[in-house]
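Working notes, structure below.
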């Protein structure tokens, strides 16, 4: 990928806190799947195994995996975490998304 996916400091700290409660070797997998109210949606799963073609992001004790197909839907994206009055959630700031759903996990290209 010419434009790498990045992990914000806020997201890394939150992911590290979540993974600290999981068994050793746990990682967060972020993927893009068809569906959602805008056509594509992000999925978040805690996994213990890495695939050969995964992009591995490591920062401040957090390990995030993104498979090669999902990387094509997220070039230059930033994985962030927002803790706001209306709620706390992971946010993917995806520069190629033409529309986002209000829920924050669905997008269109």
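The values are calculated or read from the model by the stated rules, or taken from the named source; none is laboratory data. Here the structure is a predicted model, which is why all the values come from computation and not from measurement. With ideal geometry, Cβ positions are generated from the backbone for all residues, glycine too; neighbour counts draw on all protein chains shown.
In the set (1) without any contact (Cβ under 8 Å) to a residue 40 or more places away in the chain; (2) buried (at least 17 other Cβ atoms within 10 Å of the Cβ); (3) more than 18 Å from residue 89 (Cα to Cα), residue 29 fails one condition alone, (3).
Within segment 27-43, can you find the residues that are part of a strand (DSSP E or B), out of contact with any helix residue (DSSP H, G or I) (no Cβ under 8 Å at 6 or more places or on another chain) and either on the phi > 0 side of the Ramachandran plot or at pLDDT 95 or above (or both)? Listed by number, the list holds a single entry, 29. Return yes when residue 52 is touching a residue at least 40 places away in the same chain (Cβ under 8 Å) and either part of a loop (DSSP other than H, G, I, E, B) or on the phi > 0 side of the Ramachandran plot (or both) and no when it is not. The answer is no for residue 52. Give me the residue from segment 56-109 that is in a loop (DSSP other than H, G, I, E, B), under 30 Å from residue 23 (Cβ atoms) and out of contact with any strand residue (DSSP E or B) (no Cβ under 7 Å at 6 or more places or on another chain) and, out of that set, modelled with the lowest pLDDT. Selected residue: 103. Residue count for segment 1-26 under the criterion of being loosely packed, with under 14 Cβ neighbours inside 10 Å and part of a loop (DSSP other than H, G, I, E, B): the result is 9.
Considered as a group, the residues in segment 64-87 that are farther than 19 Å from residue 34 by Cβ, free of Cβ contacts under 8 Å to residues at least 60 places away in the same chain and out of contact with any helix residue (DSSP H, G or I) (no Cβ under 7 Å at 6 or more places or on another chain) include one that is surrounded by the most Cβ atoms within 10 Å (Cβ to Cβ), and that residue is 65.
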